[in-house]
1. I'd like to know if segment 503-520 contains one or more residues that are farther than 23 Å from ALA339 by Cβ and polar (S, T, N, Q).
2. Report yes if GLY104 is touching a Leu at 6+ places or on another chain (Cβ under 9 Å) and closer than 19 Å to ALA353 by Cβ, otherwise no.
3. Could you tell me whether ALA537 is in a helix (DSSP H, G or I) and closer than 21 Å to LYS29 by Cα?
4. Looking for whichever is of a type in the set (Ser, Thr, Tyr), over 18 Å from CYS300 (Cα atoms) and in a helix (DSSP H, G or I) here; the options are SER176, SER141. Which one fits?
5. Considering only residues that are in contact with a Ser or Thr (Cβ under 8 Å, 6 or more places away or on another chain) and not hydrophobic (A, V, I, L, M, F, W, C), look in segment 166-205 and name the one that is surrounded by the fewest Cβ atoms within 10 Å (Cβ to Cβ).
6. Aliphatic (A, V, I, L, M) and farther than 27 Å from LEU252 by Cα: which single residue out of LEU89, LEU58 fits that description?
7. If ALA518 passes every condition in (1) among the hydrophobic types (A, V, I, L, M, F, W, C); (2) part of a helix (DSSP H, G or I); (3) surrounded by fewer than 20 Cβ atoms within 10 Å (Cβ to Cβ); (4) touching a residue at least 24 places away in the same chain (Cβ under 8 Å) but one, which one does it miss?
8. Quick one: which residue in ARG63, ARG88, ARG74, ARG80 is surrounded by 13 or more Cβ atoms within 10 Å (Cβ to Cβ), among the charged types (D, E, K, R), touching a Phe, Trp or Tyr at 6+ places or on another chain (Cβ under 9 Å) and in a helix (DSSP H, G or I)?
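The values are calculated or read from the model by the stated rules, or taken from the named source; none is laboratory data. Everything numeric in this text was worked out from a predicted model, so none of it was measured. When we count neighbours, we look across all protein chains shown, and the Cβ atoms used for this are built from the backbone with ideal geometry, even at glycine.
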Amino acid sequence: MAAPSTDRERQIREAGELLGTERHRSLAKGLFFGRLDHELAFPYPGLLPAEAEGFPALLEQIRTFLREEVDPVRIDREARVPDEVTSRLFDLGVMTMSIPREYGGLGLSQFAYCRIMQEIGAVDGSLAVLVNVHQGIGVRSLLLFGTPEQQADWLPRLVEGRVLSAFALTEPNAGSDAGGIETFAVPAPDGKHYVLNGRKQWITNGGIAGLLTVMAKVPGTQDERGRERITAFLVTPDMPGFQVVDRAMEKLGIRGTWTAKLAFHDLKVPAENIIGPPGKGLRVALTLLDYGRTTFGATCTGAALRCLRDSVAHCRTRRQFGKPLIEFDLVKKKLARMAAWSYAMESATGLTAGLIDRGAEEYMLETAMLKVFASEALWEILNDTIQLFGGRAYFTDLPYERMLRDARLNQIGEGANDVLRNFIALVGMRDVGLTLKDMVDGLKAPLTGLGRVADFARRHLPGQDTVQVPVRSWELGDLARLHGELIQEFGRAVEGQLIRKREGVLEAQYDLARIADAGTQLYLLTAVLARLDAMLAADAAPTPEGRRELRSGRYFAALAERSVRASLRELGDSLDQTTTAVADGL
């Protein structure tokens, strides 16, 4: 078959192959259609019944450990997590909390897991990344894709042997473009093993892990265009040919984690160590990253809430010009935004974790939206925290300069945010585009396509496409109506982009970013409303803390409205051409 004539054709084909042809139902995808699949968000999720009784005690144990036994300054200074801290994480079950009880783990839900990660994220970024890489994307490969034999072999060893795991995808020439990996796994003639050759870099836990999930291309598994497909393998460091080139690379932040460069030299991997379907390694990687990105939301939430708490306390006691800082309007503005964003971040983390626990058909858009918002909001919150503390925060006796360094990775790791914005927009718009195509096909064959045309027309008749947000409290009625209006406007904007640009939308990155940002704000607002609704339904007379949450949630709704409408208003902005011209002329 002839080679594709344009990059656009290649992008369309690769996206289709990766995402498949099925149209899975998703809360975030529904927003792109201008609808709210409210049963996926309401009621707001929580702990599973089986874990509700014992979880508070476990959480308090972990808080005590973090407060009394973890020294973030030492971790940062020595650029390592002390062995005794890692050992205590195993003692408490933190390193095995996602492993089922039958294999010796705690078997916690994703909601409970994220709640613990939120506590860790408030204390130390290095510790949070260590746990997340091990649990969120390392162990998770076995839980999701391991055969019963692989699970029975490895999960008890990870628990009893206190073995760390790692996930090896990134290479010198393959970062966010995972399809560009150059590590190869050549099948042996007898079919009993594969021979790995290649390099990996920036692999957290890579030099100290006892089990790694490694992505490699396999010759002989080409698609119809001759490109090698990617397969996931379980690799251990005792296999001949496994080389740790650099065990702990020096870096800006999360210095306590050990980030490695690895090399494989004719490394033989048994065929039974393939994990997941052969040739579906990219799908395996994307699924694992869904869990890792959800945990990003939890750890960013923990750090953000700490900044809010510390900033409020400081601004109440720090006096300048004869009065406390908290009495100045520009200080109030920073604190209010911190409160709103932290509440939205926590709400979206809980909702996303709940989708996973409920067995939702798909949640890759939701996890990407959460990761982008949480990582960028935390960066702004940390910047405001340092501004509020002034010169004091610039020195190392306070934690904020370290937290700022640690937080910078969040916008790069597990999918760079600019790449994820394209991903959010294109995946969200994909099914809308396919539905529009169905409608056009229906017009060409009116007898067989009448139903598709009728469905499209029904959604576009005046008064027929009102979005209902099923809140139970009268206090949220105005926000529910606003949210419905914004979803409706967003759906129409998405359709307009697809109708005007058709396949050219793939290259319209300025507008894709605006669509992604608007969709993300709507997903976050859904989470905020669902959480507030649950709180008000449980207590008709909320506590003072509940009232603070209500004020924070309402303020986030106001900020989200501004953000969504600004993004939609700027679609096709004429300044985009000037931006391109300036950049091209550099």
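1. Yes, segment 503-520 contains a residue that is farther than 23 Å from ALA339 by Cβ and polar (S, T, N, Q).
2. no
3. no
4. SER141
5. ASN197
6. When all the criteria are applied, what remains is LEU58.
7. Looking at each condition in turn, ALA518 falls short on (3).
8. ARG88
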